[in-house]
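Beneath this line is the structure, given in structure tokens, with notes to follow.
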């Protein structure tokens with residue numbers, strides 16, 4: 001198996017990790033990433049297969065459970081009840097409760113609100129000079145929409161963004177003691193706030209996801225209070241983090257290539273071409289030989305979603321942004337039982353918000369070369385400075 005070294009925080013890699021994926025894929029479906037000390041899947045066929053293989057999963061095997069330092073327990077106490085980190089039957093129970101809110105009818109019903117919000121934000125754009133489109137457009141839309149879906153007051157959106165960013169930083173390669181301390185502080189503040197909102201919802205339920213989850217919590221066989229808190233935090237975090245990165249990356253790509261038309265196929269190409277999450281890990285539950293390698297129980301394998309999306313086998317000329325590309329489904333939302341529950345909502349936000357942006361601002365252009373932030377395993381911009389002529 002090909003063995004490669006590449007720091008995930010190296011500035012050149014942060015700005016453009018795709019040449020490394022190409023080098024890794026040239027050695028086959030799998031390679032060993034020295035810096036992580038684990039096998040990685042980098043081809044589309046391998047990533048797609050391992051996402052769906054039930055001999056692997058997200059839940060850590062009991063014998064591999066790490067010792068959690070006391071100072072980090074508030075963060076990991078929340079994560080312990082996350083359906084993203086669990087397997088059936090617990091995962092099935094939690095996911096089924098959430099999916100009741102993510103119906104196609106409810107998602108479609110958010111369409112007019114997304115469009116209106118996009119136009120309201122565009123109305124506030126500066127009439128001269130450069131401005132950061134992430135702050136002015138890409139960040140507000142996903143957080144306000146997920147707040148609306150959950151029934152969480154939007155007046156604390158800035159706090160929610162801050163807490164979420166701090167918590168998500170725990171899964172980035174640049175993680176430090178300072179980042180850990182900030183994540184714990186954010187976790188405690190987030191938990192306290194969600195408890196306040198839950199108390200309000202108990203007094204005055206509404207037609208929203210959080211009220212539905214509270215109703216399920218009252219039947220303790222369906223949802224515990226800890227699961228209610230964690231699920232609310234997970235949905236708020238996941239409901240905007242990836243969408244912000246995708247929207248920023250997508251607008252950057254559209255401005256660089258001169259493309260302006262947004263439709264369902266171009267949304268899929270945006271997701272394929274420069275996705276928001278590049279690495280998704282899984283634990284091996286039983287010995288199995290796949291793609292020429294024997295995995296043992298307790299091994300961890302990294303699935304390089306962005307590498308799979310740039311595989312030339314299913315996607316000819318993969319480094320070319322082609323809005324009308326035809327090919328297999330990209331893996332940006334994962335696959336199998338952990339396929340992103342918010343994928344339909346994210347697609348709708350990208351379609352409607354970016355459609356409104358390019359319709360209203362045909363002269364929108366970059367004001368400076370965009371730079372990606374040091375946030376691997378994620379992939380998103382520091383800022384997106386633009387101007388409207």
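Solvent-free Debye calculation, one equal scatterer per alpha-carbon of segment 3-388: log10 I(q)/I(0) at 0.06, 0.11, 0.15 Å⁻¹ equals -0.23, -0.81, -1.55. Each principal axis of the Cα cloud of segment 226-371 was evaluated for its coordinate range; sorted largest first, these ranges are 56, 43, 27 Å. Comparing 195, 86, 271 in a Gaussian network model of the chain where C-alpha atoms under 10 Å apart are linked, the largest mean-square fluctuation is found at 195. In this label model, residue 222 and residue 60 are separated by 3.1 nm, measuring between points 7 Å along each Cα→Cβ vector.
Listed by Cβ neighbour count within 10 Å, with the fewest neighbours leading, 376, 273 appear as 376, 273. Extension gain, residue 363 to residue 317, is 13.7 nm, computed as 0.36 nm per intervening residue step minus the present C-alpha separation.
Annotation: the residues 40, 64, sorted from fewest to most other C-beta atoms within 10 Å of their own C-beta, follow the order 64, 40. Measure out, as a whole number of angstrom, how far apart the alpha-carbon centroids of segment 1-69 and segment 149-187 sit. First find each Cα centre; the distance between them is then 25 Å. A helix-only calculation puts the chain at -14500 deg cm²/dmol for mean residue ellipticity at 222 nm, using -39500 (n - 2.57) for each DSSP H run of at least four residues, averaged over all residues.
Computed extension length for residue 257-residue 34: 76.8 nm, one decimal, from 0.36 nm per residue of separation with the Cα-Cα distance subtracted. Note on segment 63-132: Rg/Rh from C-alpha atoms, Kirkwood Rh, equals 1.24. Taking the DSSP beta bridges with both ends in the chain, the antiparallel portion is around 80 percent. Judged by the mean number of other Cβ atoms found within 10 Å, the most tightly packed of the peptides 360-368, 223-231 leads the ranking 223-231, 360-368.
Among 337, 78, the order by Cβ neighbours within 10 angstrom, fewest to most, reads 337, 78.
Where a number appears in this text, it was derived from the coordinates with a stated rule and is not lab data. Keep in mind the model is a prediction, meaning the values are calculated, not measured. All Cβ positions, even for glycine, are placed from backbone atoms using ideal geometry, and neighbour counts span all protein chains on display.
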